[in-house]
Amino acid sequence: MGLAAYVLRPEGRRQIAQILERHRLHIATFLFVVGLLWPLGLADDRVNEPTRISENALMPGQVQTYFGSGDFKALNAFRNEVRLWQAGDRESRLDSIEGILAAAGIATARQHYSVRPRPDVVINGTNIYGILHAPRGDTTESLALLASWTRDRDGVVNEGGVAILLGLARYFKRWGLWSKDLIFIVPEHQEYGSQVWADAYHGETPGGSDSLVRRAGLIQAAVDLEFYGQDNRFDDIDVAYDGPNGQLSNLDLVNSAIHITKHQVGIGATVQHGREEETWKGKVSTLWKALRSSAVGVPTGSHSPLIPYRVDAISLRVKGKSDGMHDDASFGRVVEGIVRSLNNLLEHMHASYFFYLLPNTHRFVSIASYLPAALLMATGQSVLAMGRPTKDSDMLAVGIVLATHALGAAIWQSANRASNVSIAMAYVLQIPALSILLNKQALRSQVDAYRSLALGLLLGMISALNFSLGYVLAAGTIVFAYAPRLPRPAGIVVMLSACPALLHALATKSGENFTYLAAFDWSFYHCWTPPTILAIAMPAWTLAFAVVLS
Amino acid sequence: MLVFGTLAMLSLLVEAGEHLQIERLPRNHLRFLATFETAVEQTDSAVFPYQVRQLLARTIADEVDVRLTRGRWRDAWGPLPRTGSAVGGTGAEVQARFPPGSSREAWISLVNDLSSLLCASMNYIDSTRSYNTTQSDGRVAFFGALPTESVCTENLTPFLKLTPCRDQAGVGELIKGHDLAGMDWINLRLVVHRKGAEKLSLLQTIDFVVDVERQMLTQRGGLPGSQRAEDVQCAPDKFYTTDVTCLPLDQPHERRIVLTELFPDGKFLRCPMSSKSDFEVLLPSGDWVPLQDARNATITLNPELSCDANDLFVNRDLVIARSALHGHLSTTFTNASPSSRQVRYVTMLPWFMRPQLQTFAVSGNGTIESTRLIQGKQRNRPFVLDTSLTVAPGGEARLTFDFERTLLRFAEYPPDANRGFDIPAAVVRYTDRNGDIKELRTTGALLPLPTPDFSMPYNVIILTCTCIALIFGSIFNLLIRFPARHVALPGRDS
């Protein structure tokens, strides 16, 4: 009789509903397991596809690169200069950079800023940047090259990156073929500096930072050079492409960079610092690193802050030992090749994917293949809501779920002013209050049902915005479905170990500054992960915990 | 020889002249200003270019002014040549004056004719890219700009054809099409005047800037970016200097060049049509020399050279924040002179960039004298903002306003929609400290508009077809297949 006839008949529909309701736990478990394990399948070459260049204008690797042949003397000297600047103060360093760029005919400007990444730490810095105007250009579009001065994590100086950037500025000035202006930026701090610069370039100057006096139109793409430390030799280049909140650079840029590195200059390339292996295990590990980095959602390098402003950006990171196969000049040639490719662009990059996962440098998974992972788990949560007993207290249950989520949003709003303990108390105190309220079996089941319905809906939304965050949250909230069905002590232990805020604090190692960092990530890096945890995952956790307790 | 002799005879009947001025700019750049003038009394004179005469026969305009510009005039090069009145914004710019009461059709027809005359896309200057004002004498002045036009050899070739000796002799012969690729800035201008019925004049100028250092690198036959080791001077006071380590000083050093080095294919032949002075070339030393002698003239480039300071610097920035629909346009006027400057700023914005006048403000050391807005109309007319402001001496005034980006219809996007949309340069006029009226252009700008994914219709078609197939299959099934009646077979339950 066909499926349509079955669904069209009332008794057919009722039968389907009955089957779903009766087997909801089995169906949800099936969806959870399939969704959770889905990414493991993505590493298989029958699921992922070989990468390709979609934008014909890019033509990566089609030009000869000459950097280094006559410029290595200058490069060596710049390395010495960079070493010397570390002993001097900031002003003399900025003056020296300005001097080198001015000698090449590039006018510079500075930007002062101050950032408070922890309540008791204030970081002051000055970004310096110069613009090489394209001959016959009209300052309407540009490409950016970055090399930050120090790494935020440990203060190591980007000796190679800055020296090569200055060498390239001097070298690029001698070419007359540029169709776009070139901006050379030395942010003082890897992420703070470039975040402040990217914000200011796009008209946002939060407190403590200057606005920019020189600009060069729309930035079409950016390449960041990371060669930290004193060594001047290396083995491989890692291409970092992830921005905040799981936003990525266009796949064409990443592919071009990898292609030029591997096939033109002959340097090994990796992504996500993965081992470049053909094994399934290696690919799964690279995929997991990409997922984790996007889920945390904070910038992963100087290139990241530009990505939300529609600037495709990558970081090139050297890897390897001090006796590696390659030197500064080879690194410079990689950058030269990429910039020459980007110079060919007639339009903003749009032809290739913006949503993808890379299991290694030459295979990719498109959004159509990976999105079901998070959506299946979100559907699992929604299916669980089928078991709701229809009673008068329906509206009360909906009210309780909505109120808890509204309270979560309110707590998030006050997070930057509150201490860790008061935020923790704000959630924990809700649990006994709710469990007293949920004294009736029917109300308890209804609240549980609406909680998982709301969670399923919100997880679906998050997955569409930031797949990685959606996947990780969906995986972490699976236990909420089972804890109420366990014996009470076991349920309590499971719920305690699945607290989203606690797991986030452990994953980001934020510790005692949790609330401050959550607010900082949001206001400074525009990162959505903390509000998602505090206003979506935590209320769901409180409700589930209350159901376990009552 | 015979041909040139005949031409020389003809030249007595008309005024034709050409000259080339060469000036030094800082950092070993050279500025070339080539001027070609032709004026005739009788319209049937053979010297006056036939194409221009044809153009004038088809239009009622009294004055046509076309500017084709590529590149950006750098502040470091000092004031614009010819008081800036010959320079257009990037791309193509057309201005024309028509007799009182002329209609828009006359203008549209004129730009179409110009398009074929100069091999440029000026036919795209329709009503959405131009506006008109009525002058005090009742004449109608039209202004149109096409910032997307990329000026190149295909414009130079027809342009040179209109000069007195075409590209066969004289100054026009020196400028070859492929030289355009090495220039830092180029501006072509063509002005046609009609006084009464008989008197016609044609003025053409080619102004360009060459970076001699880079030009020499290329012409030495080496790789474009390569630098000879002996050309690099090492900083003397560095302890680390070795055979493989050398901090380059990179100061352009004094250089002497001969003009044949810059124009290696030039014949340096005098144009016999030129009836004016025999001295066509003005060297940076201030001497006028004949073109034949200029071939071996030596120019000494002094890297320490400084040029006259500008009185006014204008910098325009278009900022697109994270908001999808809004943008911000700010123009900074820096007055470097000791007295206050009256500045007139006229900017034409396409209809899809709606200025929000409530955000219109000036900050810093400036005051707005008057503002006039010619209201734009969707898909029809651009917005024109005409502001007069005074900038205090040594001060900086910042004129800012927000604008709203309008969504376009699907078919209104150009083929390269993802590049963004070119916004024409604004026109700035002011009186400098010597009382001369100066004109300059801001840079153009690129406005990104929300762009649909143009492969989407294809996806939609596929999805729709799938749905239709599913629905059709189900309904077809329902209509033609009947459930078999249950018949209890003997010997079986139910």
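Please treat every number below as a calculation from the coordinates, not as lab data. Remember, it's a predicted structure, so these values are computed and weren't measured experimentally. In this analysis, Cβ positions are derived from the backbone assuming ideal geometry, glycine residues included, and neighbour counts consider all displayed protein chains.
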Long-range amide H partners of residue B:422 with built H, under 5 Å: B:447
Relative contact order %, region A:55-167, counting alpha carbon pairs below 8 Å whose residues are six or more apart: 26
Region A:411-461: C-alpha gyration tensor shape, a/c 1.5 cut-off, then a/b vs b/c: oblate
Euclidean distance between Cα centres, region B:129-167 to region B:179-206, Å: 9
Rg ratio (alpha-carbon, reference 2.2 N^0.38 Å) - region A:251-311: 1.27
Peptide A:70-83 - average C-beta neighbours from other chains (10 Å radius): 5
Given A:281/A:321; A:283/A:509; A:289/A:319, the pairs whose alpha carbons are separated by over 22 Å: A:281/A:321; A:283/A:509
Helix-only mean residue ellipticity at 222 nm for chain A, each DSSP H run of n ≥ 4 adding -39500 (n - 2.57), per residue, nearest 500: -15500 deg cm²/dmol
Derived scalar couplings ³J(HN,Hα) [region A:27-35; Karplus, 6.51 cos²θ - 1.76 cosθ + 1.60; whole Hz; x for Gly, Pro]: 5, 4, 4, 4, 5, 4, 5, 4, x
Residue B:309-residue B:239 pseudo-label distance in nm [points 7 Å out on the Cα-to-Cβ vector]: 4.1
Kyte-Doolittle at least 1.0, axis length at least 20 Å by Cα - qualifying DSSP helices, chain B: B:456-480
Viscosity 1.567 mPa s, 4 °C: Kirkwood-radius Stokes-Einstein D of region B:46-121 over Cα pairs, µm²/s: 91
Within-15-Å neighbourhood charge of residue A:514 [Cβ basis; K, R +1; D, E -1]: 0
For chain A: relative contact order, % (alpha-carbon pairs under 8 angstrom, 6 or more apart): 18
Two-decimal log10 I(q)/I(0) for region B:323-410, as the Debye equation yields it once each C-alpha is a single scatterer, q = 0.24 Å⁻¹: -1.14
Coarse-grained scattering of chain B at q = 0.06, 0.08, 0.14 Å⁻¹, given as base-10 log I(q)/I(0) from a Debye sum over alpha-carbon atoms: -0.38, -0.62, -1.46
Region A:147-226 shape via C-alpha gyration tensor axes, a/c threshold 1.5: oblate
Per-peptide average of other Cβ atoms within 10 Å, ordering B:71-82, A:211-222 highest first: A:211-222, B:71-82
Only Lys, Arg (+1) and Asp, Glu (-1) charged, at Cβ; chain A dipole about Cα centre in debye: 1580
Label zone at residue B:459, where the point sits 7 Å out along the Cα-to-Cβ direction: region A:431-461 residues whose backbone N lies under 18 Å: A:461
Highest-first arrangement of B:370-383, B:102-115, where packing means the average Cβ count within 10 Å: B:102-115, B:370-383
Inter-probe distance in nm under a simple model that places probes 7 Å from Cα toward Cβ, at residue A:502 and residue A:213: 5.4
Residue A:428/residue A:273 FRET efficiency (R0 35 Å; Cβ-Cβ; nearest 0.05): 0.40
Cβ-defined net charge surrounding residue A:524, 15 Å radius [Lys, Arg +1; Asp, Glu -1]: -2
In Å, descending, principal axis extents of the Cα set of region A:43-155: 53, 42, 32
Percent of Cα pairs exceeding the 12 Å cut-off, where the set is region A:155-202: 70
Principal axis box of region A:1-64, alpha-carbon based, largest edge first, Å: 72, 27, 16
Estimated translational D of region B:118-238 in µm²/s (Stokes, Kirkwood radius over Cα pairs; 10 °C; 1.306 mPa s): 86
Projected area, mean over directions - region A:336-412, Cα convex hull, nm²: 10.5
Difference of contour (0.36 nm per residue) and Cα-Cα distance, residue B:451 to residue B:166: 98.1 nm
Descending semi-axes in Å of region A:502-545, equivalent ellipsoid built from Cα gyration tensor: 19, 13, 7
For region A:180-272, average projected area of the Cα convex hull in nm²: 7.8
Partnerless cysteines, meaning none of the other Cys C-beta atoms lie under 4.7 Å away, in the protein assembly as shown: A:499, A:527, B:119, B:152, B:307, B:465, B:467
Built amide H within the under 5 Å cut-off of residue A:267, gap 5+: A:262
Among B:78, B:110, B:431 the positive-end extreme of the charge dipole of chain B (Cβ point charges): B:110
For residues of A:102-109, the mean tally of beta carbons on other chains within 10 Å: 3
Helix-only CD estimate at 222 nm, as mean residue ellipticity for chain B, using -39500 (n - 2.57) per DSSP H run (n ≥ 4): -5000 deg cm²/dmol
Estimated FRET transfer efficiency when R0 is 51 angstrom, pair residue B:356-residue A:457 (beta carbons, to 0.05): 0.85
Other protein chain Cβ atoms within 10 Å, averaged over every residue that makes up B:84-94: 1
Furthest towards positive pole of dipole, A:126, A:205, A:459, structure part the protein assembly as shown, Cβ charges: A:459
Translational diffusion of chain A, µm² s⁻¹ [Kirkwood Rh, Cα pairs; Stokes-Einstein; 10 °C; 1.306 mPa s]: 62
Volume of the Cα convex hull of region B:253-328, divided per residue and given in Å³: 265
Protection-proxy order for peptides A:33-41, A:523-531, A:129-137, each taking the mean of Cβ atoms within 10 Å per residue, highest first: A:129-137, A:523-531, A:33-41
Estimated FRET transfer efficiency when R0 is 25 angstrom, pair residue A:509-residue A:49 (beta carbons, to 0.05): 0.10
Charge-dipole axis of chain B as Lys and Arg at +1 and Asp and Glu at -1 on Cβ define it, positive-most pick from B:193, B:469, B:47: B:469
From the C-alpha gyration tensor of the protein assembly as shown, square roots of 5λ in Å: 63, 36, 28
Simple Cβ-charge dipole of region A:2-114, Lys/Arg +1 and Asp/Glu -1, about Cα centre, in debye nearest 20: 620
Net dipole in debye of the protein assembly as shown [+1 Lys, Arg Cβ; -1 Asp, Glu Cβ; about Cα centre; nearest 20]: 3600
Cα pair distances in region A:368-492, grouped into 5 Å bins until the bin that holds the longest one, percent each: 2, 10, 16, 19, 21, 17, 10, 4, 1
Values of log10 I(q)/I(0), in the order q = 0.13, 0.15 Å⁻¹, for region A:118-254 under a Debye, Cα-only, solvent-free model: -0.62, -0.83
All lysines inside 21 Å of residue A:73 as judged from Cα atoms, apart from same-chain residues fewer than 8 positions distant: A:173, B:238
For region A:463-522, average projected area of the Cα convex hull in nm²: 5.0
Paramagnetic label zone (point 7 Å from Cα along Cα-to-C-beta, residue B:232; backbone N under 15 Å) in region A:46-74: A:66-74
Fewest-first sequence of B:246, B:467, B:152 by Cβ atoms within 10 Å of each Cβ: B:467, B:152, B:246
